[in-house]
1. Under a point-charge model restricted to the Cβ atoms of Lys and Arg (+1) and Asp and Glu (-1), what is the dipole moment magnitude of the chain relative to its Cα centre, in debye to the nearest 20?
2. Where in the stretch 1-93 are there trypsin sites (Lys or Arg not before Pro) that are in a DSSP coil and have at most 11 other Cβ atoms within 10 angstrom of their Cβ?
3. Could you run the Karplus curve 6.51 cos²θ - 1.76 cosθ + 1.60 with θ = phi - 60° over the stretch 101-111 and give me ³J(HN,Hα) per residue in whole Hz, x for Gly and Pro?
4. What order do Y52, Y86 take when sorted by accessible area (1.4 Å probe), most exposed first?
5. On average, how much accessible surface per residue is there in the chain, in Å², for a 1.4 Å probe, leaving out ligands, DNA and RNA?
6. Express the carbon and sulfur contribution to the solvent-accessible surface of the chain as a percent, rounded to the nearest whole number, probe 1.4 angstrom.
7. Starting from the amide H of S79, placed 1.01 Å from N in the peptide plane, find each other amide H under 5 Å away whose residue is 5 or more places distant or on another chain.
8. Amide H neighbours of I105 under 5 Å, at least 5 residues apart or on other chains, H built in the peptide plane: list them.
Amino acid sequence: MIKKIKEILTPADIILIIILILVSIFFLFSFHRKNRTEKVKIFRHNQLLGEYSLQKQRLIELEDEVVIEIKDGKVRIKSSDCEHQYCVKQGWSNSLPIICVPNEILIVIKS
């Protein structure tokens, strides 16, 4: 089996395969590092309430019984006083924005 592979592949092919593997590993680590710098921005009535690290676990309580939770690199609205609870049902997010229309809350994840 190895003899057949050696007959098919030239030294240039082997070098190309090694380069592709190294480039793939580089991009894998660069994307992994990117996730560590992500921040959560919370807006209310189009005003920035705060900017928080996505890597630090915390609960953020707003005045009208809205609780936002950041945990394990994700964010969610844990509880809200709005009628249909769509923002709570949306669940955890690590890339897409979370919107609570009745409370005019927008949670955006930025790097």
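1. I would put it at about 780 debye.
2. Sites meeting the loop and neighbour criteria: R36, K56.
3. Karplus values, whole Hz, x for Gly and Pro: 5, x, 8, 6, 10, 10, 10, 10, 9, 10, 9.
4. Per-residue accessible area, sorted high to low, gives Y86, Y52.
5. That works out to 76 Å² per residue.
6. 60
7. The list, which skips near neighbours in sequence, is V67.
8. Result for I105 returns C100.
The values are calculated or read from the model by the stated rules, or taken from the named source; none is laboratory data. Bear in mind that the values here come from a model prediction, so they are computed numbers and not experimental data. Backbone-built Cβ (ideal geometry, glycine too); neighbour counts: all protein chains shown. Surface areas here come from the heavy atoms of the whole protein model, side chains and all, with no ligands, DNA or RNA. Shrake-Rupley method; radii C 1.70, N 1.55, O 1.52, S 1.80 Å.
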